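Contents: one structure, followed by commentary.
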Amino acid sequence: MMKRLLLIVVSVLLGIAAVIAQPHKTLREWGFPTGIFETGPYNAITDVPGVTVGHVTCIEGDSIRTGVTAIVPHQGNIFRNKVPAAIYVGNGFGKLAGVTQVQELGNIETPVILTNTLSVAAGIEGAVRYTLMQPGNEHERSVNAVVGETNDGRLNDIRGMHVKPQMVIEAINGAHGGPVEQGCVGAGTGTICFGFKGGIGTSSRVLPESLGGYTIGVLVQTNYGGILEIDGVQVGQRLHKHDFINHVRKTENMDGSCMMVVITDAPLDSRNLERVAKRAMMGMAKTGGIASNGSGDYVIALSVAPGNLIDSRAKTITSTVLANGEMSSIFAATIEATAEALWNSLFMAKPMTGRGGYHVDALPVEQVLEMLRNR
């Protein structure tokens, strides 16, 4: 009897160890590539030449679960060589700083900063201080920092405002190319998506040469709800975990927000970048997101085509931009990369316990993989 009990205990412990040791992989790494276009070498926004990403993750004690993510579009002086850009608002329950100047002028002049709702001010100060410190900007008196957010207040002591401007500067200075850390890092540290642990996700697509050979990269911060779908499979319904289920079962709704950053090296102006940004929302829809009433769903789209960066000192600007008829493949690639980035944020996240002992499970990957195998 004792021997049998010992074997059971050992078996349970080995099972627990196997779960703990299970590597975190993206959806594609699990063997489920989505879409028709190839990814870049890192399947990340950093596949776009010159783009770098930096995170500062703040996990302290039992209640601080937050951070900063910085997306740097090119390695020059961004204020002096501004980036064509557009912003699309899927649902405007959010605090995206800098939006009106981007809409008015069609460009961005700082790195894009993502953080939590009550730290937008710290994000602005950090981005502004970084910009003012850059050589050539010594006499500037106006900087339009672009700072997006989602609310991590369930897991994080958001009222403590633990993100500081120096963390923003550290995230920018620490930004690098190559693989991008995903899941519970940076601005995704304390976020929740479809009732599971969300976070940072990224993906990319490279168009064939016959369609221009352009790269489209996406990075997301997921904190939204709806009815989860993964590659066409109704995961949320099968797991009995989705919005509005409280009308038949007692559970909470999963409201929230999502920030999506799309960067391409295709030569696009702000008008066509806005059209690209709209397609990112279609990628979000593929995941089951519904852009609910309390959700701040924003897309920031940029073009880093070298010949089209905007010299702030020039009196005239000459640029080459793609014709409207060349946009459809970029639209399709944006939809694919956005959906995969959103799914990756779930696959790469880990369970987390935070403020007040509130616990959020990670996506049950094995169950989901079984659904995908037996669709």
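The values are calculated or read from the model by the stated rules, or taken from the named source; none is laboratory data. It should be emphasised that the depicted structure is a prediction, and the values quoted were computed from it without experimental measurement. A quick note on method: Cβ atoms are made from the backbone with ideal geometry, for glycine too, and the neighbour counts reach across all protein chains shown. To get the accessible areas, we keep the full protein, side chains included, count just its heavy atoms, and leave off ligands, DNA and RNA. Shrake-Rupley method; radii C 1.70, N 1.55, O 1.52, S 1.80 Å.
Hey, can you tell me all the residues within the range 35-73 that are assigned to a strand (DSSP E or B), out of contact with any helix residue (DSSP H, G or I) (no Cβ under 8 Å at 6 or more places or on another chain) and either farther than 25 Å from residue 123 by Cβ or not acidic (Asp, Glu) (or both)?
Quick first cut of the range 35-73, residues assigned to a strand (DSSP E or B) only: 38, 52-60, 64-72.
In the following step, the residues that additionally are out of contact with any helix residue (DSSP H, G or I) (no Cβ under 8 Å at 6 or more places or on another chain) were identified as 38, 59-60.
38, 59, listed by residue number.
Quick grid of which residues meet (1) modelled with pLDDT of 95 or more; (2) out of contact with any Leu (no Cβ under 9 Å at 6 or more places or on another chain); (3) assigned to a loop (DSSP other than H, G, I, E, B):
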{"position": "272", "(1), (2), (3)": "yes, no, no"}
{"position": "307", "(1), (2), (3)": "no, yes, no"}
{"position": "314", "(1), (2), (3)": "no, yes, yes"}
{"position": "375", "(1), (2), (3)": "no, yes, yes"}
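Tally up the residues in the range 128-160 that are among the polar types (S, T, N, Q), under 22 Å from the mean Cα position of the chain (by Cα) and either under 15 Å from residue 58 (Cα atoms) or open to solvent by 10 Å² or more (accessible area, probe 1.4 Å) (or both), please. Steps first, answer last, please.
Step one: filter the range 128-160 for residues among the polar types (S, T, N, Q), giving 131, 134, 137, 142, 144, 150-151, 156.
Checking the rest, the ones that are also under 22 Å from the mean Cα position of the chain (by Cα) come to 144, 150-151, 156.
Cutting the leftovers down to either under 15 Å from residue 58 (Cα atoms) or open to solvent by 10 Å² or more (accessible area, probe 1.4 Å) (or both) gives us 144, 151, 156.
Looking only at that region, the number is 3.
Scanning the range 337-353 for residues that are β-branched (Val, Ile, Thr) and either in contact with a Lys or Arg (Cβ under 6 Å, 6 or more places away or on another chain) or more than 23 Å from residue 60 (Cβ to Cβ) (or both) yields a single hit, 338.
Among the residues making up the range 354-366, those that are assigned to a helix (DSSP H, G or I) and either among the aliphatic types (A, V, I, L, M) or surrounded by fewer than 12 Cβ atoms within 10 Å (Cβ to Cβ) (or both) are 356, 357, 365, 366.
Condition check ((1) modelled with pLDDT under 95; (2) of a type in the set (A, V, I, L, M, F, W, C); (3) over 28 Å from residue 63 (Cβ atoms)) across all residues:
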| residue | (1), (2), (3) |
| --- | --- |
| 179 | no, no, yes |
| 184 | no, yes, no |
| 201 | no, no, no |
| 220 | no, yes, no |
| 233 | yes, yes, yes |
| 250 | yes, no, no |
| 255 | yes, no, no |
| 264 | no, no, yes |
| 286 | no, no, yes |
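How many residues does the range 330-353 contain that are more than 21 Å from the chain's Cα centre (by Cα) and buried (at least 19 other Cβ atoms within 10 Å of the Cβ)? Show your work before the answer.
Taking the range 330-353 and keeping what is more than 21 Å from the chain's Cα centre (by Cα), we get 353.
Subsequent filtering for residues that are buried (at least 19 other Cβ atoms within 10 Å of the Cβ) retains none.
Total meeting the criteria: 0.
Of the residues 190, 201, 123, the single one that is assigned to a loop (DSSP other than H, G, I, E, B) and either over 19 Å from the mean Cα position of the chain (by Cα) or under 25 Å from residue 352 (Cβ atoms) (or both) is 190.
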